[in-house]
Every structure is written in C-alpha cells, then in structure tokens.
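S.K.: Have a look at this one before I ask anything.
Throughout, read-outs are computed from the coordinates displayed, never taken from laboratory work. Bear in mind that the values here come from a model prediction, so they are computed numbers and not experimental data. Ideal geometry is used to build each Cβ from the backbone, glycine not excepted, and the neighbour counts take in all protein chains shown.
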Amino acid sequence: MNRPLGTCALLIVATAAPALAGNRLIDSGHPVAVAHDTLTVTPDREWNELGWRPGPRCDRWTLDGQALNAVTFCGAIASGRPLFREASKHERPLPLFSTTMLLTDVPDLVEKSYRIALGAALITIDSAEPAQLDGERAIRFRYTFTRQDEEVERQGEALATIRGKKLYWMSYEAPAIHYYARDLESWRRLAATARFR
C-alpha cells in the first residue's frame, strides 16, 4: 500500500512526539488522591489535572491553563530528594530536602528551587506564618516571582508540612494582575480539604 510521503512523515512525528494525553477533568464533590501518596483533596468545583508534572511525586491542576492559574501538589518527598525534576543535575543541581530541616526552612528551599528550576532570578518570600494541614503543624507562605522566559509577575501561596520525616507541600500561583486575587479563595477552599488517608 503506497502512502504519500507527507502522510508517512506525519505518522512518524505523531508517534515520536511525547504524549500530551493524560490531562483529565477533576469532578467536584469527591476526594481525589494527589501527589502519588496518601494525601487527598475534595474540590468544590471542576479542575483540570495536567498530564505534565514538575516532579515524580507531584501533580499539577489548573482552572484556565497553567499560564493563568496553577495548583501544584507534591507529596512524600524524602530526605536527599529535590522538590522538582532535575533538569541538569551536574551543572545546576537543585537543593535537596533534609530531615534536619525545620518548617521555617521550607520557604527558603522553595525559593532556591525556583531560582534554579524556573530561572526565577526575581523571587521573594513575602510572608510566612504557622498553619495546620489536617491537624499537622504546617507553614503557610506567600511569594512573588518572575520566570526567566517571561515578564509576567506571578504571586503564589503555599502550604507545607513535614510528616513522617517527609515533606508535603501544595501551592497556588497566578499572574499578580487579576488572576491571583480572582482564584485565591478557590485555592484556599481546596487546600482546607487536604487530608491524609
């Protein structure tokens, strides 16, 4: 069977390209396991889970596309492991979580990780305060950053705890103009439902 050359080339490209499938709709009203561990959240509205993940123990959700709003869940990060997937372990190694860290060290770990993983030369931790995550002592912190490849200033809020000598953290990020304030309460309602099974 003969096929036009263009059709064959299209088939080769389609099969060689990484699959973008894996995005899925997250329905509201039901607990959903996140971060490849025992952590669950129960959304009160529909979210979209992205097929792409920033790390092997992370999930990423969005309402309108990750450029406009994104929630990241990372769970059971063990001592000696980075928050995100290494891009260049030898040239630009990411900082590692350690069981000797205190909760107050986590914002600094996130800041250093963003500087390397996202090329975020402009990042500041704006505030940090004690919090709770399903009865565990936690820290809530807010930050502002600009990625290397764009000029949009983004704001974020994160919640982190250390449980069983492993780090769990979740964050919400969006452009500082309009989107961050618009969906902040949706994120806080979602974070408030986090439970360890």
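S.K.: State, to one decimal in nm, how far the label point of GLU86 lies from the label point of ALA33, with both points 7 Å from Cα in the Cβ direction.
M.R.: Inter-label distance under the simple model: 2.8 nm.
S.K.: Moving on. What length, rounded to one decimal in nm, is gained on full extension from ASN48 through to SER79, with 0.36 nm per residue of separation minus their alpha-carbon distance?
M.R.: Roughly 8.1 nm would be gained on extension.
S.K.: What value in Å³ per residue do you get for the convex hull of the alpha-carbon atoms in the range 36-153?
M.R.: For the range 36-153, the hull spanned by Cα atoms encloses 130 Å³ per residue.
S.K.: Okay, next question. If you plug each phi of the range 152-157 into the Karplus form 6.51 cos²θ - 1.76 cosθ + 1.60 with θ = phi - 60°, what whole-Hz ³J(HN,Hα) values come out, in order, with x for Gly and Pro?
M.R.: Using θ = phi - 60°, the values come out as 6, 7, 10, 10, x, 9 Hz.
S.K.: Given only helices, namely DSSP H runs of n ≥ 4 each adding -39500 (n - 2.57), what is the per-residue ellipticity at 222 nm of the chain, to the nearest 500 deg cm²/dmol?
M.R.: Computed ellipticity for the chain at 222 nm equals -6000 deg cm²/dmol.
S.K.: Just subtract the alpha-carbon distance of ARG189 and LYS112 from 0.36 nm times their residue separation and send over the number in nm, one decimal.
M.R.: Between ARG189 and LYS112, full extension yields an extra 24.9 nm.
S.K.: Which net charge results when you count Lys and Arg as +1 and Asp and Glu as -1 among the other residues whose beta-carbon is under 9 Å from that of LEU39?
M.R.: 0
S.K.: Here's another thing I want to ask about it. Would you pull out the residues with amide H under 5 Å of GLU153's amide H, same chain only if 5 or more places away, H placed 1.01 Å from N?
M.R.: The list, which skips near neighbours in sequence, is ALA176.
S.K.: Between LEU25 and GLU136, what is 0.36 nm times their sequence separation minus the Cα-Cα distance? Round to one decimal in nm.
M.R.: 37.0 nm
S.K.: Same structure again: What does the chain give for Rg and for Dmax, in Å, if only its C-alpha atoms count?
M.R.: For the chain, the Cα radius of gyration and maximum Cα-Cα distance read 18.4, 68 Å.
S.K.: Could you list the trypsin sites (Lys or Arg not before Pro) in the range 57-96 that lie in coil according to DSSP, counting only those with at most 10 other Cβ atoms within 10 Å of their Cβ?
M.R.: LYS89
S.K.: Which residues' amide hydrogens lie under 5 Å from the amide hydrogen of ARG163, considering only partners 5 or more residues apart or on another chain, with H built in the peptide plane?
M.R.: Hits under the 5 Å cutoff: TYR168.
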